[in-house]
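Encoded as structure tokens, the structure appears first; notes follow it.
The values are calculated or read from the model by the stated rules, or taken from the named source; none is laboratory data. On a predicted model such as this, the values are computed, not experimentally measured, just so you know. Ideal geometry is used to build each Cβ from the backbone, glycine not excepted, and the neighbour counts take in all protein chains shown.
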Amino acid sequence: GKVLVSGANGFVATWCVQTFLDAGFSVRGTVRNAIKGKHLKRFFASYGDKFELVVVPDITAPGAFDEAVRGIDAIAHTASPFHLAADDPADLSGPAVQGTIGILESARTYGQTVKRIVITSSAVAVTTPKNGPLDEYDWNNSAVQAVADSGANAGNFDKYCNSKVLAERGAWEFLDKHKTEVGWDIAVLNPPLILGPVIHDVSTPDELNTSTKMMFNAFTTESPTTGGGQWANVKDVGRAHLLAVMTELPSYVPLSAVNKKEGRNVNRFIIGGQGFTWQDMRTFDAAPPSATQYKQGFPTSINTTMRPRDMDNSRSQEVLGMEYTSIHETVEETLADYERRGWIK
Ligand code: NDP
């Protein structure tokens, strides 16, 4: 089979491409321009014509993916802005929503061979202030409300969350509307902060994507690193995309049923989701006697009550068969990558 991966040059997407290729799929990646594809061409050269690139200059343009979806069996739509520096919330929600609806519209019209569309949503589309574990029935409505109320004055993180909620909800609404016309269904992945080694085109820490830059900064900072959240391993997320393409899923359930919590029959999957603090990660890595300051961090600055709660990822294990890499292994592997690049000693 052949999988279309949008935004193929991204941190997560490059791992998705690697995972699909290793599983025997052919991959067509989309990039905004040819220069963004250069590293990928080199990196995946050994897969020969199993890997190809197409340029989609503007994912918000009508019909942007019309050519790209032809002859494709499954789609992994990862392209979406992830940064925390937008002034206008539409700088994020525009490409997030129009990119998602656009690829679905192209698949509806020209994707006769498409069977499954996997959408890289985020745990930030799920998280709510409610007590208890978060699961796939939760929606981050408060971020949407914050942006509706405050526009450009809303918090930068809320603006990003808003874009992911609107894009994901738009996808479910699209499927509700067009289910009888299309030969495909949708699986949505909701990973929190994704961490791990990088294989996309990065040569300095400054060029890291938003999530791994947070980790790099947390490990190299000289003040207590008590912040945190929930995390997922990037290779696990790549594998989740593969499993979401390959797994037979429960039959279609409308968005209204998701919202009403009817059954567990929802093709929405929290991936990873263990609570962490940055100090936890630094402590894990501080193997005496060689522990340096940057590795140790500030162990006394954190206690277990400060650790954010876990999300409930049992659905991903039961339905997709996900297995998870430990936080310890993830930290070791990521730091080894940074050491190899000469970014830390
Ligand atoms: P990256 O920034 O590494 O990659 C983002 C990809 O999306 C790039 O290919 C980028 O293209 C493309 N993109 C961004 N904005 C636009 C735009 N306006 N028009 C066209 N393409 C665009 O981010 P990640 O790999 O971290 O993120 C990939 C996906 O995973 C996103 O959907 C993100 O929301 C989601 N996600 C990420 C998490 C994380 O912690 N990293 C957590 C949960 C979800 P270009 O290089 O040309 O800008």
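Pairs linking a residue in segment 120-149 that is of a type in the set (A, V, I, L, M) to a residue that is loosely packed, with under 14 Cβ neighbours inside 10 Å and at pLDDT below 85, with Cβ atoms under 6 Å and 6 or more positions apart or on different chains, do not occur. In the set THR204, THR226, only one residue is touching a Ser or Thr at 6+ places or on another chain (Cβ under 9 Å), of a type outside the set (D, E, K, R) and more than 14 Å from the ligand (Cβ to nearest atom); that residue is THR226. Scanning segment 1-18 for residues that are surrounded by fewer than 24 Cβ atoms within 10 Å (Cβ to Cβ) and more than 8 Å from the ligand (Cβ to nearest atom) gives GLY1, LYS2, GLN18. Look at (1) under 22 Å from GLY272 (Cβ atoms); (2) more than 16 Å from the ligand (Cβ to nearest atom) and you find that GLY151 fails only one, number (1). If you go through segment 40-76 and keep only what is within 11 Å of the ligand (Cβ to nearest atom) and part of a helix (DSSP H, G or I), you end up with just LEU40.
Exactly one residue out of SER251, SER256, SER314, SER290 is at pLDDT 75 or above and away from the ligand (no atom under 13 Å from the Cβ), and it is SER314. Among the residues of segment 98-126, those that are more than 10 Å from the ligand (Cβ to nearest atom), under 15 Å from the mean Cα position of the chain (by Cα) and modelled with pLDDT of 95 or more comprise ILE117, VAL118.
Looking only at residues in segment 77-97 that are assigned to a helix (DSSP H, G or I), of a type in the set (A, V, I, L, M) and more than 9 Å from the ligand (Cβ to nearest atom), the one that is nearest to VAL31 (Cα to Cα) is VAL97.
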